[in-house]
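The values are calculated or read from the model by the stated rules, or taken from the named source; none is laboratory data. Just so we're clear, the structure is a prediction, and the values are computed from it rather than from any experiment. Don't worry about glycine lacking a Cβ; one is built from the backbone with ideal geometry, like all the others, and counts go over all protein chains shown. Just the protein is used for accessible areas: all its heavy atoms, side chains included, with ligands, DNA and RNA removed. Shrake-Rupley method; radii C 1.70, N 1.55, O 1.52, S 1.80 Å.
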Amino acid sequence: QVQLVESGGGLVQPGESLQLSCAASRNIFSIYTMGWYRQAPGKQRDLVATITSGTRINYTDSVRGRFTISRDGAKNTVNLQMNSLKPGSTAVYYCFARFLGGDYWGQGTQVTVSS
């Protein structure tokens, strides 16, 4: 099993930046795929970005060029740097891990972009 704990959400204004972090209970390099999803009110949970242990990275089109996913081996975290945030980025952001055929989720962290 893998336990995931997100942090770093909050309220920011349009155009500002925010970094989310996901701490894992296992060595992140032993987990083949980790990433971030988000769920806005009344909508389904959608992919934001994923990163594999082989460093292959994938972004949804709406965040490419503004968001960056990365792994911090020293802290054992997967991070999501979000720049140029828009009101449409408002959602609960969930950390995700796929490990030995199982999917694991964090509890989510709220990101609100509003003036």
Given the condition part of a loop (DSSP other than H, G, I, E, B) and in contact with a Ser or Thr (Cβ under 7 Å, 6 or more places away or on another chain), answer yes or no: does some residue in region 40-56 qualify? yes
Restricting region 1-44 to residues that are hydroxyl-bearing (Ser, Thr, Tyr) and under 11 Å from the mean Cα position of the chain (by Cα), the residue that is nearest to residue 79 (Cα to Cα): 21
Residue list for region 57-95, restricted to those being out of contact with any strand residue (DSSP E or B) (no Cβ under 8 Å at 6 or more places or on another chain) and more than 18 Å from residue 14 (Cα to Cα): 61, 73, 74
Answer yes or no: is there a residue in region 74-84 that is in a loop (DSSP other than H, G, I, E, B), touching a residue at least 40 places away in the same chain (Cβ under 8 Å) and surrounded by 15 or more Cβ atoms within 10 Å (Cβ to Cβ). yes
Please specify each residue of region 13-70 satisfying the condition of being of a type in the set (A, V, I, L, M, F, W, C), open to solvent by 40 Å² or more (accessible area, probe 1.4 Å) and at pLDDT below 95. 29
Quick one: in region 86-115, which of the residues that are under 20 Å from residue 18 (Cβ atoms) and over 14 Å from the mean Cα position of the chain (by Cα) is most open to solvent (accessible area, probe 1.4 Å)? 115
